[in-house]
Amino acid sequence: MKNHYTFVANNSQEAEAFWAYWTTYEPPFDLEDCQYGQVSLLDDFLQSRQRDTTPAPLSAPAACSIGLGSAEIIRRPGRPPGPWHRRRKVGLRRVSRCIKLKRTVAALFDAAAHANRIDRPLNLFISITPTEMDAMPAEERSRYWQMLICAIGQPLRNAGLPATHLWARESCRLLNDGRGEHLHLLIHVPNRALRRKIEAYLTNRFRQAGEVDMRPASTAAKRTANGRYHSVVTYVLKNMGSNVARGTSLSYKLGGPILGKRCGCSRDIDAKAVAEWRARYRIAA
């Protein structure tokens, strides 16, 4: 639970004492909760100070009420944050262990089908497991993957073609702490020359054995021995929740924790593009 502070200052000395307290600890509360009478002197005071000030530390137990003249800082106790993989949310990003929404899975299956309709089939499967991923902070991994997807599609854009793709992130469920995170990517590559360029880029960037697996793909579904349907799209999206797969013949498997967006696709085959295509040709969903 987020600690909540209430502060009311009557003069600049009290505001300065508040600033000293705030810069001593991590900023676990919002400055919007602070009021300085009916004027904005406190805001001007805070903006005129730098964040790197180092005042003398103040002792503060888990639950305390610190008096500063006629001002008072009230700290309500809360559980200290644990590791990111044991939390539901870190900042504005959620921690998930599966794709929880049926509409997300349905939109991505529609995206793969729409890629076939516009003659951009997702015909290349790439699985990337970087060795440095375990040492990377969880907050930086989402940006890392987006930059990598952009770099993989750059040869296509250089040739004047759109980088039509679909992707999903996974991590090891057995470890259950975010280690072993990897990316599955389906992308449309129209010819062998562009495929060789993508392969050369990945080979040059990831030189450890087993970091990259690249092979031709087909989005056609096949019926397995247990009666379920399986395709490369199903494999990429296999970390869907049981509530999503319930009542369907899709194969699914729970995964490990992921911080941030878990799956997605390019804009030319996303839900908005599919809706515009259906409206243009007056096709019902």
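The values are calculated or read from the model by the stated rules, or taken from the named source; none is laboratory data. Just so it is clear, the structure is predicted and the values come from calculations on it, not from any experiment. All Cβ positions, glycine included, derive from the backbone under ideal geometry; neighbour counts span all protein chains shown.
Annotations for the structure displayed:
- Count of segment 245-260 residues which are out of contact with any strand residue (DSSP E or B) (no Cβ under 6 Å at 6 or more places or on another chain) and either of a type outside the set (G, A, S) or over 25 Å from A115 (Cα atoms) (or both): 7
- Test for A168: is it more than 22 Å from R94 (Cβ to Cβ), within 27 Å of the chain's Cα centre (by Cα) and surrounded by 11 or more Cβ atoms within 10 Å (Cβ to Cβ): no
- Taking segment 115-134 as the range and being surrounded by fewer than 16 Cβ atoms within 10 Å (Cβ to Cβ) and either under 15 Å from C172 (Cβ atoms) or acidic (D, E) (or both) as the test, the residues that pass are D119, T131, E132, D134.
- Annotation note: of L161, L156, the sole residue that is free of Cβ contacts under 8 Å to residues at least 40 places away in the same chain and assigned to a helix (DSSP H, G or I) is L156.
- Of the residues examined, D134 is not one that is closer than 22 Å to S242 by Cα, at pLDDT below 95 and of a type in the set (D, E).
- Of A225, A273, A221, all but one fail to be in contact with a Phe, Trp or Tyr (Cβ under 8 Å, 6 or more places away or on another chain) and either over 15 Å from A168 (Cβ atoms) or surrounded by fewer than 20 Cβ atoms within 10 Å (Cβ to Cβ) (or both); the exception is A221.
- Taking (1) out of contact with any helix residue (DSSP H, G or I) (no Cβ under 9 Å at 6 or more places or on another chain); (2) surrounded by 12 or more Cβ atoms within 10 Å (Cβ to Cβ); (3) assigned to a helix (DSSP H, G or I) in turn, L202 satisfies each apart from (1).
- Set S218, S251: member being among the hydroxyl-bearing types (S, T, Y), touching a helix residue (DSSP H, G or I) at 6+ places or on another chain (Cβ under 8 Å) and at pLDDT below 85: S251
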